[in-house]
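Everything on this sheet refers to the single structure shown next.
The values are calculated or read from the model by the stated rules, or taken from the named source; none is laboratory data. Since the model is a prediction, treat every value here as computed from it, not as a measurement. Calculation scope for accessible area: heavy atoms of the full protein, side chains included, ligands and nucleic acids excluded. Shrake-Rupley method; radii C 1.70, N 1.55, O 1.52, S 1.80 Å.
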Amino acid sequence: QVQLVESGGGLVQAGGSLRLSCAASGITFRSYTMAWFRQAPGKEREFVSGISWSGSTYYADSVKGRFTISRDNAKNTVYLQMNSLKPEDTAVYYCAARSRGVRFGVSDLDYWGQGTQVTVSS
C-alpha cells in the first residue's frame, strides 16, 4: 500500500519560513519523481516544485528563489523549504509521486498525499 504523508504545515507570518516533509512508503522511492502541489480555496491545484529521481529540480515561477525542494532517499522523504513566505502562498500543500519520467501535470502524478495546510498571515 502506497502512502505519502505530509507534515510541517502551520501558521506563519509573512516573511517567515516553513519546511514541509513528505514521507513515502510502499514505493521504490529512489526511482520516483516527487513533487509538491498546492491548492488555495476556490482555485485549482497547481504545481509548486518537483525533483526527479536523479535530483534535477523544477519550480513554478511564483516560488522560484524562495522555495527549495530536496530529497533524502535513505529516509524515503522529500522536503520543501519555504522562505520569504507571502500571504498568497496560503494553501493546502500536497505531496505527489510519479513512477516514470518527469511530468508535472495534475493528471501525470500516480500517488498523492492527504495534504498539509500552510497559512501565511499578513
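Heavy-atom accessible surface of the chain, averaged per residue, reaches 51 Å², computed with a 1.4 Å probe.
For the stretch 33-122, with all protein chains in place and a probe radius of 1.4 Å, 45% of the accessible heavy-atom surface sits on carbon or sulfur. For LYS64, a cut-off of 15 angstrom between C-alpha atoms picks up these aspartates and glutamates, skipping any fewer than 8 places away in its own chain: GLU46, GLU88, ASP89. For the stretch 36-76, the share of alpha carbon pairs falling in successive 10 Å distance bins from zero is 26, 47, 24, 3 percent. Its Cα gyration tensor gives the stretch 1-95 an equivalent ellipsoid; the semi-axes, largest first and in whole Å, are 22, 14, 13. Sequentially through the stretch 52-62, phi angles give Karplus couplings (6.51, -1.76, 1.60; θ = phi - 60°) of 7, 4, 8, x, 5, 10, 9, 9, 5, 4, 5 Hz, Gly and Pro residues having no value and appearing as x. Applying the Karplus relation 6.51 cos²θ - 1.76 cosθ + 1.60 with θ = phi - 60° to the stretch 106-122 yields 3J(HN,Hα) values of 3, 7, 7, 8, 8, 9, 9, x, 8, x, 9, 7, 10, 10, 10, 8, 8 Hz, where x marks Gly and Pro.
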